[in-house]
Amino acid sequence: GAVVSQHPSWVICKSGTSVKIECRSLDFQATTMFWYRQFPKQSLMLMATSNEGSKATYEQGVEKDKFLINHASLTLSTLTVTSAHPEDSSFYICSAANPLAGGQGEQFFGPGTRLTVL
Amino acid sequence: GENVEQHPSTLSVQEGDSAVIKCTYSDSASNYFPWYKQELGKRPQLIIDIRSNVGEKKDQRIAVTLNKTAKHFSLHITETQPEDSAVYFCAASIRGGGYNKLIFGAGTRLAVHP
């Protein structure tokens with residue numbers, strides 16, 4: 001099956017700093033990638049959708065200036081949490097899809113990044 | 001907006017019993033319904049999915065049923081084993097902007113006791 005990697009797997013940072021998380025599709029071209037946030041014992045909440053070569057589409061309530069998304073190639077999307085605060089501590093998971101492959105919504109998930117902001 | 005409701009939130013069964021998790025969705029245009037299993041600290045793993053042109057799909061001990069009229073779909077696990085213990089999420093596809101995104105249910109924590 002399709003493989004998606006994420007880096008780093010965990011990160012601890014000080015309040016006010018920025019953190020970049022990378023999501024890579026290793027064996028297929030991902031025209032669309034999704035970024036989710038998952039708080040403990042909660043579901044996956046979609047933050048934004050990024051399409052290669054265009055601006056990301058953010059879900060309601062997600063600050064686009066705080067969560068910067070770049071999808072510069074068909075295999076890489078990055079999420080930058082700017083000026084992180086303790087309330088941003090969460091499990092961030094990306095997924096990748098290739099609608100052009102004829103699927104109806106299959107998403108392949110990365111292993112997640114646990115962010116802890118002190 | 002679109003939403004997916006999932007029940008129950010927790011489910012405890014004895015090994016060998018069956019487990020059923022139910023979801024309802026709101027968008028009648030949804031046409032793809034995956035189920036994910038997530039262990040603590042791990043990524044969601046797709047265990048089975050069903051498309052809107054099919055009413056039932058089975059893969060060994062796991063089956064999914066879909067009722068498009070009622071906008072319900074269910075996950076059935078038979079002969080449960082302790083290793084089935086995890087959190088299970090249902091999802092429904094939502095079309096928009098030229099791509100399909102998934103809306104997830106709140107999750108069901110399944111505990112299988114030996």
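Is at least one residue of the stretch B:7-14 more than 11 Å from chain A (Cβ to nearest Cβ), more than 24 Å from residue B:93 (Cβ to Cβ) and either among the hydrophobic types (A, V, I, L, M, F, W, C) or not in a strand (DSSP E or B) (or both)? Scanning the stretch B:7-14, I find at least one residue that is more than 11 Å from chain A (Cβ to nearest Cβ), more than 24 Å from residue B:93 (Cβ to Cβ) and either among the hydrophobic types (A, V, I, L, M, F, W, C) or not in a strand (DSSP E or B) (or both), so the answer is yes.
Check every one of the strands (runs of 3 or more DSSP E) wholly within the stretch A:42-118 and list those with 3 or more residues that are aliphatic (A, V, I, L, M) and within 13 Å of another protein chain (Cβ to nearest Cβ). Lay out the reasoning, then the answer.
Values: elements: A:45-51, A:67-73, A:76-81, A:90-97, A:113-117.
So the answer is A:45-51, A:90-97.
Just to verify a result, which residue in the stretch B:42-73, among those that are over 17 Å from residue B:25 (Cβ atoms) and within 13 Å of chain A (Cβ to nearest Cβ), is farthest from the chain's Cα centre (by Cα)? Looking at residues that are over 17 Å from residue B:25 (Cβ atoms) and within 13 Å of chain A (Cβ to nearest Cβ), I get B:42. So is residue A:42 under 21 Å from residue B:35 (Cβ atoms) and either in contact with a helix residue (DSSP H, G or I) (Cβ under 9 Å, 6 or more places away or on another chain) or crowded, with 19+ Cβ neighbours inside 10 Å (or both) or not? Judged against the criteria, residue A:42 is not a match. Residue B:92 falls short on exactly one of the conditions (1) closer than 25 Å to residue B:114 by Cβ; (2) assigned to a strand (DSSP E or B), and that condition is (1). Beta carbons closer than 7 Å, at least 6 apart along the sequence or on distinct chains, pair a first residue in the stretch B:93-114 that is at the interface with another protein chain (Cβ under 7 Å from one of its Cβ atoms) with a second that is surrounded by fewer than 23 Cβ atoms within 10 Å (Cβ to Cβ) and of a type in the set (Gly, Ala, Ser) for B:93/A:105; B:100/A:105; B:102/A:105; B:104/A:43; B:105/A:43; B:106/A:43; B:106/B:9; B:107/A:43.
Bear in mind these aren't lab numbers, they're just calculated from the coordinates by the rules spelled out. Please read these numbers as outputs of a predicted model, since none were measured by experiment. When we count neighbours, we look across all protein chains shown, and the Cβ atoms used for this are built from the backbone with ideal geometry, even at glycine.
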